[in-house]
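I have placed the structure first, in the form of structure tokens, so that the comments after it can refer back to it.
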Amino acid sequence: MAHHTVRSGYRNLVDRLNQFPQGAPSSERLYNILEMLFTEEEAGYVALLPIKPFTADTAAKRWKTTLVEAQVLLDTLADKGILLDIDEDGTSVYVLPPPMAGFFEFSMMRIRTDVNQKALAELFYEYITVEEDFISGLFRGGETQLGRVFVNEEALTPELSLHVLDYERTSEVIRTASHIGVGLCYCRHKMEHLGKACDAPQDICMTFNNTAASLVKHGIAREVGVDECLDLIQLGNEHNLVQFGENVRERVNFICNCCKCCCEALTAARRFGFLNPVHTTNYLPDIDTSACTGCGLCIDVCPVDAIGLVSENGTEDTAADVARVNEDICLGCGVCVRNCPVSAIRLTERDQRVITPVNSTHKAVLMAIERGKLQNLIFDNQVHWNHRAMAAVLGVILKLPPAKQALASRQLRSRYLERILS
């Protein structure tokens, strides 16, 4: 009976996690992961938390505890990387992040002794890589994706560099961040426990702004300055890592330096490339076939296997001597450009620009609409209606194209919303 009670609490937590646009499909391994990260009591309490940011007072009312008791538990959860603790004008506001990008990664961004990280790494690998339901749902659930690729600024020509927008530059994200935190790469740390990690640096996972402030405060990441962070980007470039970050224009919360062998996002891009599981840059490599020697270096470093050798007449040939890009799956990262020994590759602009959501709210609404979960961002059946949250979300909906507005209206089935949209 006790075990049934424990699993009942974790089932409630799984239900809560699946209210996010990017959820976590139920499986035995997911329950094993949650049992390692949450106590029975914590799972039950977290299952009651709202998706939207909340205060300790809200948590105390949900949990039916005193404010002091709620504050202690909230701080414990933030110390474990389950909650983010954000300061807003001197008041702590808490956010329950989704599993990814969220507390899955936070659990492996530092060396811990309170959790068996080897066992946890094995569970993550089985749940995310072997079972595939999680990674498929995360990266194939809709048109708007969790993350996007940043262009390698060193690969840009001087002329093209003039046209690159600020939000497309990792350097601009770093220079304008209010806080910068660096922790261990979740992917390579996980693979190290499995004996499969590459030799790329691990202490290079970057978080910014409010997320960084919380992770630094609770010892999950270390605080760094602009110069050190820029040096880490350079170090990543030297190891042919791809900068993959939050798919927003304003106040980016994370940038990962990804390798093709360990990174789950790049693995998804190779598996489901034709479905565009990762948002590309606005650029494509253009190969000068008259200069290409067919050395194959660009093929080796391409993170998604988007380059191959072809014969002069364009057919695949192992003895061919020129490279060709598959534009349908190319990320436009520019790693191939900086590795070409004869400078036969340069970046050019894509014919159609990739649309990037303005901020985290915009992204969440788009993802929720496409995944049929918009109502979860607006309604919370465990609390009263929050008019300010409703206004913020509807404000984003009203700026959407008509087709997406129609999707939103159908999902909510609200006469009130239909009248607003009309």
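The values are calculated or read from the model by the stated rules, or taken from the named source; none is laboratory data. Everything numeric in this text was worked out from a predicted model, so none of it was measured. Every residue, glycine among them, receives a Cβ derived from its backbone with ideal geometry; neighbour counts consider all protein chains shown.
Below is a table of values for the structure above.
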| quantity | calculated |
| --- | --- |
| Where T113 falls short, out of the listed (1) surrounded by fewer than 22 Cβ atoms within 10 Å (Cβ to Cβ); (2) touching a residue at least 40 places away in the same chain (Cβ under 8 Å); (3) among the polar types (S, T, N, Q) | (2) |
| All positions within the stretch 63-86 that are among the small types (G, A, S) and in contact (Cβ under 8 Å) with a residue 60 or more places away in the chain | A78, G81 |
| Sole residue being part of a loop (DSSP other than H, G, I, E, B), in contact with a strand residue (DSSP E or B) (Cβ under 9 Å, 6 or more places away or on another chain) and either within 15 Å of L215 (Cβ to Cβ) or not assigned by TED's automatic domain parsing to the domain that holds S214 (or both), chosen from L49, L77 | L49 |
| M100 in contact with a strand residue (DSSP E or B) (Cβ under 6 Å, 6 or more places away or on another chain) and either more than 22 Å from L377 (Cα to Cα) or surrounded by 20 or more Cβ atoms within 10 Å (Cβ to Cβ) (or both) | no |
| Among residues of the stretch 215-227, those that are more than 20 Å from V115 (Cα to Cα) and either in contact with a His (Cβ under 9 Å, 6 or more places away or on another chain) or among the β-branched types (V, I, T) (or both), counted | 3 |
| Counted residues, the stretch 352-380 - those being assigned to a loop (DSSP other than H, G, I, E, B) and at pLDDT 85 or above | 8 |
| Selection within the stretch 152-180 - among the β-branched types (V, I, T) and modelled with pLDDT of 95 or more | T170, V173, I174, T176, I180 |
| Residue in the stretch 76-84 that is more than 24 Å from A368 (Cα to Cα) and surrounded by fewer than 18 Cβ atoms within 10 Å (Cβ to Cβ) present | yes |
| Extreme residue, surrounded by the most Cβ atoms within 10 Å (Cβ to Cβ), among residues of the stretch 301-342 that are modelled with pLDDT under 90 and not in a loop (DSSP other than H, G, I, E, B) | V310 |
| Among residues of the stretch 65-89, those that are farther than 24 Å from M109 by Cα and modelled with pLDDT under 95, counted | 2 |
| Options G142, G219, G183: the member that is modelled with pLDDT under 95, in contact with a helix residue (DSSP H, G or I) (Cβ under 8 Å, 6 or more places away or on another chain) and not in a helix (DSSP H, G or I) | G142 |
| Matching residues in the stretch 120-134 - criterion: being part of a helix (DSSP H, G or I) and either outside the structural domain of M36 (by TED's automatic domain parsing) or among the acidic types (D, E) (or both) | E122, E126, D133 |
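To keep it simple, each residue is scored yes or no on (1) touching a strand residue (DSSP E or B) at 6+ places or on another chain (Cβ under 7 Å); (2) buried (at least 18 other Cβ atoms within 10 Å of the Cβ); (3) closer than 30 Å to L297 by Cα.
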{"site": "V216", "(1), (2), (3)": "yes, yes, no"}
{"site": "D227", "(1), (2), (3)": "no, no, no"}
{"site": "L230", "(1), (2), (3)": "no, no, yes"}
{"site": "Q234", "(1), (2), (3)": "no, no, yes"}
{"site": "E238", "(1), (2), (3)": "no, no, yes"}
{"site": "E246", "(1), (2), (3)": "yes, yes, yes"}
{"site": "C256", "(1), (2), (3)": "yes, yes, yes"}
{"site": "C259", "(1), (2), (3)": "no, yes, yes"}
{"site": "A265", "(1), (2), (3)": "yes, yes, yes"}
